[in-house]
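Working notes, beginning with the structure itself.
The values are calculated or read from the model by the stated rules, or taken from the named source; none is laboratory data. In this text the structure is predicted, and so the values were computed from the model without any measurement. Cβ sites come from the backbone with ideal geometry, for glycine too, and all protein chains shown count toward neighbours. In case anyone asks, the SASA skips ligands and DNA or RNA and just uses the protein heavy atoms, side chains included. Shrake-Rupley method; radii C 1.70, N 1.55, O 1.52, S 1.80 Å.
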Amino acid sequence: MRPTTRRRFGAALAIGGAWAALPAFGQQKKPKVVASFTILADLVAMVGGDRIELATLVGADKDAHSYEPTAGDSRTVAAAQVLVTNGLGFEPWADRLARAASFRGRRVVATSDVPRERYLAGEQHHGAAAATDPHMFQDVALGRRYVATIAKGLAEADPAAAQDYRQRAEAYDKRLADLDAWVRQQIDTVPATKRRVITGHDAFHYFARAYGVTFRAPQGLSTAQEASARDVATLIQQIRREGIRAIFIENMSNPKLVEQIAREAGGGVGPELYVDALSPAGGPADTYEKMFRHNVTALVAGMAKN
Ligand SMILES: [Zn+2]
């Protein structure tokens, strides 16, 4: 099942109703699983396949940091057996929502099996304390950990299908290993001195460490953090000094600040990067794999101009 914008359990309930009229089928009900945002939903869909009913809270091209859950979200979570979130403060509203929904199911926090020594802190933005960067999914190796954690969580919630979840996760993991190798290959085509990129907020520390690219952004770990005038001025100087042409807007946040920075630094902006959300179904980045292929292709083309 592909994650789509604000998918609800409507279809699942309709199917359940149809089954209720045909008790002879004796089908076991599929667990209802809620993923907090689209990137996570795609990973859950790859592991759960048609064994689960999947709902996504924050839709395509939407910003999970600044999201405000609705009454409908509360009903969706209340009806679910499993709630999958990124954790590390990526969705600052998630715990409140689970409480409001009196959620009694299984919480799966996708980052929970990433060892502490692999955590990275954010930049110190104008006095704000450096927190742990939650955007671990931007390193495919850590995305593979998400998949393993999701498979474990689904298997615990639905032991009857455990073998199926494990097999799907293993097959998907092989594809992600290939994806990781492809990303390295692509980045390796760019000379090390040119590997500099400007984006909207600090979502790429894990990508930077994994693939050897330097990212700078006016905003911190969350799009909700204000960029200070001093940070913006420093960034503009740096772009001019280093001749950075790889300047990208984000698909799920306001592009105005990055566009202004590019203008003042005397450059243009590259295409959208898919940062904290996938594109709508049928778009250029409607899966985790396609998101990486799109972003890396755009980054390589942008860095070539540096
Ligand atoms: Zn973010």
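Listed values, structure above:
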{"read-out": "Residue with peak Gaussian network fluctuation, the chain [Cα springs, cutoff 10 Å], from THR234, THR214, THR223", "value": "THR234"}
{"read-out": "GNM top mover of GLU289, GLU117, GLU53 - the chain, alpha-carbon springs below 10 Å", "value": "GLU117"}
{"read-out": "Antiparallel content of DSSP bridges confined to the chain, in %, to 5", "value": "5"}
{"read-out": "Residue with peak Gaussian network fluctuation, the chain [Cα springs, cutoff 10 Å], from VAL77, VAL213, VAL190", "value": "VAL190"}
{"read-out": "Chain lengthening between THR132 and GLN186 when straightened (0.36 nm per residue, less Cα-Cα)", "value": "16.7 nm"}
{"read-out": "Extreme residue, positive dipole direction of the stretch 182-303, given options THR234, THR189, TYR211 (C-beta unit charges)", "value": "THR189"}
{"read-out": "All Cα pairs of the stretch 182-303, percent lying beyond 22 Å", "value": "30"}
{"read-out": "Dipole in debye (nearest 20) - the stretch 182-303, about Cα centre, beta carbon charges: Lys, Arg +1; Asp, Glu -1", "value": "480"}
{"read-out": "Charge dipole of the chain about the Cα centre (unit charges at C-beta), most positive-ward option of LEU43, ILE261, HIS135", "value": "LEU43"}
{"read-out": "Expected 222 nm ellipticity per residue - DSSP helices of 4 or more, -39500 (n - 2.57), all of the chain, to 500", "value": "-13500 deg cm²/dmol"}
{"read-out": "Distance violations [Cα-Cα > 32 Å] among LYS152/LYS290; LYS62/LYS152; LYS32/LYS62; LYS32/LYS290; LYS30/LYS256; LYS32/LYS256", "value": "LYS30/LYS256; LYS32/LYS256"}
{"read-out": "With every protein chain in place, the chain: carbon and sulfur % of accessible area (1.4 Å)", "value": "51"}
{"read-out": "Probe 1.4 Å, protein heavy atoms only - accessible area per residue of the stretch 188-277 in square angstrom", "value": "43"}
